[in-house]
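Every number in this text was worked out from the coordinates using simple rules, so none of it is lab data. Values in this document were obtained by computation on a predicted structure and should not be read as measured data. Backbone-built Cβ (ideal geometry, glycine too); neighbour counts: all protein chains shown.
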Amino acid sequence: MPETRTVYVSFRKLRGSAHPSVILRLMMAFNDISLANHSLSEYKREQPPVRRHVQMGARMYFVRLQCGHLNEAMKVIREIRDASALRAEVSRCSAEAQAAFGRLTSCLDGGAGAADFRRYVGAIRNKTAFHYDSDMTLAALKDRAGRDEAATSSITEGDDLSLWRFEAADRIMDSIVVRHLWRIPRTADLRSEADRIADYCADLCLSFLVFASEFAFGYMHKNSAM
C-alpha cells in the first residue's frame, strides 16, 4: 500500500534561508514534470475502445509537455551546479540522486550530453511544447499531402468533450516532431526510433524527479520545517 510523509514548512524560515528561489522553482518544476510523467504513463496503458483514438496524440502531448518543463527546469539545475553551498548539499544526497544530478548537468552547455539535449528536448520546447509553429505546420502538411500512404486522417466528435479529437492535427504534430525536429530519416523504423527518443526524454525527466525530490525535501526539512 503506498504511503506518504508530510512535513509542514514555514515560509518565514524559508525566506531567511540562503537560496529560497532556487528551491521553490525546483519544486515547481518537480510538480509539473511529475504530473506530466504520470499522465504519460496512464496513456501508455491500454485505453477503453471509446478513448483509443485519443491515445497517440495524448502520449505525444505529454512527451512534449515534459520536454518543455524540463528545458526550463535545467536553468535551476545550472544554478545548483554553480552555487558552492548547493553543490555541497548535493554531495550529501544518496548515490542515486547524485548520479541523477550528474546526468542532468552533463546536458548543460559544454557537457557531453548537451547536443542531444538541445536536439531532442530543447527543440521540442522551442517549437511545439507551448507553441504552434506556422511554417513547420505547413511543411508537415505539404509532406503528408504528397504521400499516398499519409494523405488522409480523421476527426472524431463525441457526446463528451473529452472524446472529441482532431486526429488530423495529431498526425501533423507527429510529423513536425519526428521528421522536422528529431529528424528521423525515412529509412529508419519510424516508431521504434521515435519511441527510443521519447524514452530518452522520459528517462531524463525521471532523473530530474529522482534528484529534485530528495534534494528539495532535504533542503526544506533542514531550512524551513516546523
Response to the item:
If you go through Ala97, Ala73, the only one that is under 21 Å from Ala123 (Cα atoms) and either in contact with a Pro (Cβ under 6 Å, 6 or more places away or on another chain) or surrounded by 14 or more Cβ atoms within 10 Å (Cβ to Cβ) (or both) is Ala73
Discussion item. Suppose we filter Leu24, Leu86, Leu14 for residues that are touching a Ser or Thr at 6+ places or on another chain (Cβ under 7 Å), among the hydrophobic types (A, V, I, L, M, F, W, C) and over 26 Å from Trp182 (Cβ atoms); which single one remains?
Written reply: Leu14
Response to the item:
Residues of region 88-108 being over 19 Å from the mean Cα position of the chain (by Cα) and more than 15 Å from Leu209 (Cβ to Cβ), in sequence order, are Ala88, Glu89, Val90, Ser91, Arg92, Ala95
Response to the item:
Note on region 167-215: residues closer than 26 Å to Leu35 by Cβ and either among the acidic types (Asp, Glu) or outside any helix (DSSP H, G or I) (or both) are Glu167, Asp170, Asp174, Trp182, Asp195, Asp199, Asp203, Glu214
Practice prompt. Would you mention how many residues in region 127-161 are closer than 21 Å to Arg64 by Cα, assigned to a helix (DSSP H, G or I) and free of Cβ contacts under 8 Å to residues at least 12 places away in the same chain?
Written response: 3
Worksheet, complete the sentence: Contact list, first residue from region 182-193 and closer than 18 Å to Ile124 by Cβ and in contact (Cβ under 8 Å) with a residue 60 or more places away in the chain, second anywhere and part of a helix (DSSP H, G or I) and not hydroxyl-bearing (Ser, Thr, Tyr), beta-carbon distance below 6 Å, six or more apart or interchain, is Trp182/Ile197
Item to complete: Scan region 77-94 and give yes if some residue there is surrounded by fewer than 16 Cβ atoms within 10 Å (Cβ to Cβ), in a helix (DSSP H, G or I) and among the hydroxyl-bearing types (Ser, Thr, Tyr), otherwise no.
Response: yes
Practice prompt. Please find, within region 1-53, the residue that is nearest to Ala225 (Cα to Cα) out of those that are among the hydrophobic types (A, V, I, L, M, F, W, C) and part of a loop (DSSP other than H, G, I, E, B).
Written response: Val7
